[in-house]
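Only one structure is covered here, and it is reproduced in the block below.
The values are calculated or read from the model by the stated rules, or taken from the named source; none is laboratory data. These figures come from a predicted structure and were not determined experimentally. Reconstructed Cβ throughout: ideal geometry from the backbone, glycine too, with neighbour counts over all protein chains shown.
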Amino acid sequence: MFRSDAIAYLPLLGTAILATVLFVFLAVIKGRKTAKVSYLTFLALVILISDCVYTVYNPGITNFVLLLLLAAAVLLPYLVMLAFAKPKAEEPKAPLAEEIKKPEIVVEDLKPEEVNLIEKGRSFVSMASDSFGKKDGMQNLLDEINKTFVEITGADGGAVLMVDDFEDSINVKSFTGVFPPPYRLPEDLPHKELRVSTSFKFANFALRDNIFGEIASSGKAEIINSPKNDPRIIENGPEDFLKLGSFIFIPVRLPGRDVVIGLIALSKNPGREFTQEEFDWALTLTGFVESALKTTINFQVYSEKNEISKESKIAENLQNILLPKKLPPLPGISFGSYAVHTEGVCSDSFDVLPVRPDRTSLFLMDVAGKGTNSFLVMSMIRSMIRLLVNTPQPAGTILSLANREICGEVNFEHFASVALINYNAQKKTVQFSSAGTTPVFLYSAQKQTIERKSLASEPLGVEKTTSYKDIQFTVSEGDIIITYTDGLVEALDSAGKQYSLNRLLSIVKTNSKSSGKQIADLVKADMKQFVGSEVLHDDQTLLAVKIQ
């Protein structure tokens, strides 16, 4: 295979082998992405390897040089690009541990009173964190804030007021010292110092037509050393304790939201005035107050939400316990139900009671409100209905008796919409009564029509003397009784469109040959498709009764 001078080509074989090794290493580097490798590099190596092998088997300098030039020509543009491309900025090296120096902080000399302000402000923030979980934590913090402002400014009296957004008012939460009221006193309040100060301690003011509300609404801090010249301030009488001196009013904002949540009010007796320096100290201290109150208020909001969530979860678990788990055979009917509970709502419940051979009772209930209060009303009504359906009393009488008990026993406002249906399989008669927004519909297999049978009426729990009417009708084989809670037809899709009664009744009518369970399952599937990933805001319950 080799000529006598073939040994001269051994370096070419060595070059081919080294190029192959280089090719393999570059392939590994590119596969592991430890460095960037151009495909042109691989192409140049392939040409070089092929050139060396070809020249060994086909000696000749011309072919070798031409292929070598080709490899160089392939690689040359890539090298030119790298040579003249914009250089990357060199990343700064991380300094060694011994090279890291702490920045020098230059602190101006502080006056003793300024140091005192900072220490007082820090104590507010510390006290705010310590108040978490304590029953009187917020009140203690407000009292300390009030006391500190009086001390720092040399005031004779001070008050901290907090804004109540729901009542559109500002209320006194902390009071100390002597504070002549700068607002008009009630006409029937005796001008006695103890009575006036006691009235102020528990006062609340509108956010207008008084100095506290005006300052809180404007959001602007003010120092008023001549209150008689300010039309917003009222002097109530000649008595010494009612004479006005000097005032400071500073709104307290919620940091990050620029919302006024309270007011610092300070007072000096006649003959004494607040200085600009004292006003500035109070303004500085207010910044610490705002941070402390934000921390405390955020914790209170979190704590309240957490408690509501726990309460709702307990109510939801109890609600699930009340639902029937396994029904016995029901004479003369095919029964189906669809129930979806929204987290934290706890408003819907239903039951099916085959109490006697001539009566199967079904009831559906939707209680207004959320949480444990709703559950208490729900369980009370459920217990009374379960007890009363065992008597010969008709549905209207049973609801009237339950309503009377709810109005007499429950001391909080919670109303309930209820449909109670008594079915006699022997006579194929339906007797029912409804309260509130829970309707009853009948699909007639003979007429192939759907008719609303229920009448408008007050919910349970509104008026103790309300009397609920009985409605009775005869049914035939194939007829379907439908009742549901309003959360079902009011469910919204992603576009804000309601599910609607028409869509529900269309499913019932179209699938009238199906059993009660199949109809309920079809409604469930259609609702899931309609709502998609949207969050439900109310419980949904449907009862479907197919007469056999």
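Can you tell me which condition I152 does not meet? The list is (1) among the β-branched types (V, I, T); (2) touching a strand residue (DSSP E or B) at 6+ places or on another chain (Cβ under 8 Å); (3) modelled with pLDDT under 90, and all the others hold.
Of the numbered conditions (1) among the β-branched types (V, I, T); (2) touching a strand residue (DSSP E or B) at 6+ places or on another chain (Cβ under 8 Å); (3) modelled with pLDDT under 90, the odd one out for I152 is (2).
Regarding segment 162-174, can at least one residue be identified that is closer than 14 Å to I261 by Cα and polar (S, T, N, Q)?
Taking every residue of segment 162-174 in turn, at least one turns out to be closer than 14 Å to I261 by Cα and polar (S, T, N, Q).
Mind checking whether some residue in segment 189-198 is out of contact with any Pro (no Cβ under 7 Å at 6 or more places or on another chain) and closer than 25 Å to F279 by Cα?
yes
If I filter segment 524-548 down to residues being of a type in the set (A, V, I, L, M, F, W, C) and surrounded by fewer than 16 Cβ atoms within 10 Å (Cβ to Cβ), which single residue comes out as modelled with the lowest pLDDT?
V535
Regarding S218, is this residue of a type in the set (S, T, Y), under 22 Å from T148 (Cα atoms) and without any contact (Cβ under 8 Å) to a residue 60 or more places away in the chain?
No; evaluated as a whole, the condition is false for this residue.
Looking only at segment 202-224, count every residue that is under 13 Å from P182 (Cα atoms), surrounded by 16 or more Cβ atoms within 10 Å (Cβ to Cβ) and of a type outside the set (A, V, I, L, M) and tell me the total.
Adding up the residues that qualify gives 5.
When the residues of segment 474-492 are narrowed to those that are in a loop (DSSP other than H, G, I, E, B) and not hydrophobic (A, V, I, L, M, F, W, C), which ends up modelled with the lowest pLDDT?
Looking at the filtered set, the residue picked out is E490.
Scan segment 332-342 and give yes if some residue there is in contact with a Ser or Thr (Cβ under 9 Å, 6 or more places away or on another chain), part of a loop (DSSP other than H, G, I, E, B) and at pLDDT 80 or above, otherwise no.
yes
Hey, among the residues in segment 524-548 that are part of a helix (DSSP H, G or I) and touching a residue at least 24 places away in the same chain (Cβ under 8 Å), which one's farthest from the chain's Cα centre (by Cα)?
K524
Would you mind listing the strands (runs of 3 or more DSSP E) fully within segment 198-257 where at least 1 residues are in contact with a Leu (Cβ under 7 Å, 6 or more places away or on another chain) and modelled with pLDDT of 90 or more?
246-254
Is there a residue in segment 225-233 that is within 17 Å of F175 (Cα to Cα) and either surrounded by fewer than 19 Cβ atoms within 10 Å (Cβ to Cβ) or within 40 Å of the chain's Cα centre (by Cα) (or both)?
Looking for residues that are within 17 Å of F175 (Cα to Cα) and either surrounded by fewer than 19 Cβ atoms within 10 Å (Cβ to Cβ) or within 40 Å of the chain's Cα centre (by Cα) (or both), one finds none in segment 225-233, hence no.
Restricting attention to segment 493-523, and to residues there that are more than 31 Å from the chain's Cα centre (by Cα) and either outside the structural domain of A445 (by TED's automatic domain parsing) or not in a helix (DSSP H, G or I) (or both), which single residue is surrounded by the fewest Cβ atoms within 10 Å (Cβ to Cβ)?
In this case the residue turns out to be K513.
Looking for something of a type in the set (F, W, Y) and either in contact with a Cys (Cβ under 7 Å, 6 or more places away or on another chain) or within 19 Å of D366 (Cβ to Cβ) (or both) - is there at least one such residue anywhere in segment 408-422?
Scanning segment 408-422, I find at least one residue that is of a type in the set (F, W, Y) and either in contact with a Cys (Cβ under 7 Å, 6 or more places away or on another chain) or within 19 Å of D366 (Cβ to Cβ) (or both), so the answer is yes.
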